[in-house]
Amino acid sequence: MNTRTLPLAASPDPERRVWLLATGAAGGMAVAATAIPFVSSLAPSQRARAQGAAVEVDISDLPPGGSKTVEWRGKPVWIMRRTPEMLAALPALDGQLADPKSLREQQPAYAQNAWRSVKPDIFVAVGICTHLGCSPSAVPAGSANPSVGADWPGGFFCPCHGSTFDAAGRVFRNKPAPSNLEIPPHRFASETRLLIGDEEA
């Protein structure tokens, strides 16, 4: 009876082993190189972090009747220095407004007054119409704009659907906008510095 002896398995080629290790290491580095940017992309961007931060505004250059717009959390925020005449006109408009006391929406406690502001002359509001999110524009008293009428006391007009707001951001009656303009959280860091998005003392 003939018996055959099977050869023993040959030991792996050292050169082949080097190539296998090199390929495995390269694959691992490729996975790491792909994973690190992916994981980093899940963290909030610098812009996103900045959008949640308070915005400091210098209002020392704001003349009576003047205004400026800044961005906070991706929204336009209006800052207006109202004149004594603008402030005096506000109480007389209550009967023409849909919500003169701002009872329909939440607003900061320090804006629950006739001026809807911390200081009577400095008005701060989000410049977005509460109807469909359009952007109203400021229209001064005595404007020739036919959309606001000859007796227009001054305020804001949304050209998209015709909503009108007074100089305290209160919406007039029978307009598409359901509520007054939003008052963002804010405080005065000094007489000339305003912090929007921060109401802590």
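Restricting to the range 142-201, what's the tally of residues that are without any contact (Cβ under 8 Å) to a residue 60 or more places away in the chain, among the hydroxyl-bearing types (S, T, Y) and assigned to a loop (DSSP other than H, G, I, E, B)?
4
Just wondering, is there one or more residues in the range 112-130 that are farther than 21 Å from P64 by Cβ, touching a Lys or Arg at 6+ places or on another chain (Cβ under 8 Å) and part of a strand (DSSP E or B)?
The answer is yes; a qualifying residue exists.
Counting only residues that are of a type in the set (A, V, I, L, M, F, W, C) and in contact with a Phe, Trp or Tyr (Cβ under 8 Å, 6 or more places away or on another chain), how many does the range 94-108 have?
First, pick out the residues of the range 94-108 that are of a type in the set (A, V, I, L, M, F, W, C): 97-98, 103.
Right, trim to in contact with a Phe, Trp or Tyr (Cβ under 8 Å, 6 or more places away or on another chain) and you get 97-98.
Of the residues in the range 94-108, 2 are of a type in the set (A, V, I, L, M, F, W, C) and in contact with a Phe, Trp or Tyr (Cβ under 8 Å, 6 or more places away or on another chain).
Can you pull out the residues in the range 81-104 that are touching a Lys or Arg at 6+ places or on another chain (Cβ under 7 Å) and more than 21 Å from K119 (Cβ to Cβ)?
Q96, L97, A98, D99
If you take the residues in the range 69-85 that are within 18 Å of L195 (Cβ to Cβ) and without any contact (Cβ under 8 Å) to a residue 40 or more places away in the chain, which one is surrounded by the most Cβ atoms within 10 Å (Cβ to Cβ)? Don't jump to the end; show me each part of the working.
The initial filter retains those residues of the range 69-85 that are within 18 Å of L195 (Cβ to Cβ), namely 69-81.
Retained after the next criterion (residues that are without any contact (Cβ under 8 Å) to a residue 40 or more places away in the chain): 71, 74.
On the way: E71: 12, G74: 8.
Within the range 69-85, the match that is surrounded by the most Cβ atoms within 10 Å (Cβ to Cβ) is E71.
Looking at A33 and the list (1) of a type in the set (A, V, I, L, M, F, W, C); (2) loosely packed, with under 14 Cβ neighbours inside 10 Å; (3) at pLDDT 90 or above, which single condition is not satisfied?
(3)
Within the range 98-114, can you find the residues that are at pLDDT 85 or above and either in contact with a Gly (Cβ under 9 Å, 6 or more places away or on another chain) or surrounded by 18 or more Cβ atoms within 10 Å (Cβ to Cβ) (or both)?
Answer for the range 98-114, where residues must be at pLDDT 85 or above and either in contact with a Gly (Cβ under 9 Å, 6 or more places away or on another chain) or surrounded by 18 or more Cβ atoms within 10 Å (Cβ to Cβ) (or both): P100, S102, A111.
When D94 is evaluated against the numbered criteria (1) free of Cβ contacts under 8 Å to residues at least 40 places away in the same chain; (2) under 27 Å from L195 (Cβ atoms); (3) of a type in the set (D, E), which criterion, by number, is the only one it fails?
Here D94 clears every test but (2).
Taking the range 137-155 as the search range and keeping residues that are in contact with a Ser or Thr (Cβ under 7 Å, 6 or more places away or on another chain) and of a type outside the set (A, V, I, L, M), which one is surrounded by the fewest Cβ atoms within 10 Å (Cβ to Cβ)? Before the answer, list the steps.
Of the residues in the range 137-155, the ones in contact with a Ser or Thr (Cβ under 7 Å, 6 or more places away or on another chain) are 138, 148, 152, 155.
In the following step, the residues that additionally are of a type outside the set (A, V, I, L, M) were identified as 152, 155.
Values: W152: 18, G155: 25.
Here the answer is W152.
Please specify each residue of the range 115-131 satisfying the condition of being touching a His at 6+ places or on another chain (Cβ under 9 Å) and either modelled with pLDDT of 95 or more or surrounded by fewer than 17 Cβ atoms within 10 Å (Cβ to Cβ) (or both).
Residue satisfying the conditions is V124 alone.
The values are calculated or read from the model by the stated rules, or taken from the named source; none is laboratory data. All values derive from a computational prediction rather than experimental measurement. So basically every Cβ, Gly included, is an ideal-geometry build from the backbone, and we count neighbours across all protein chains shown.
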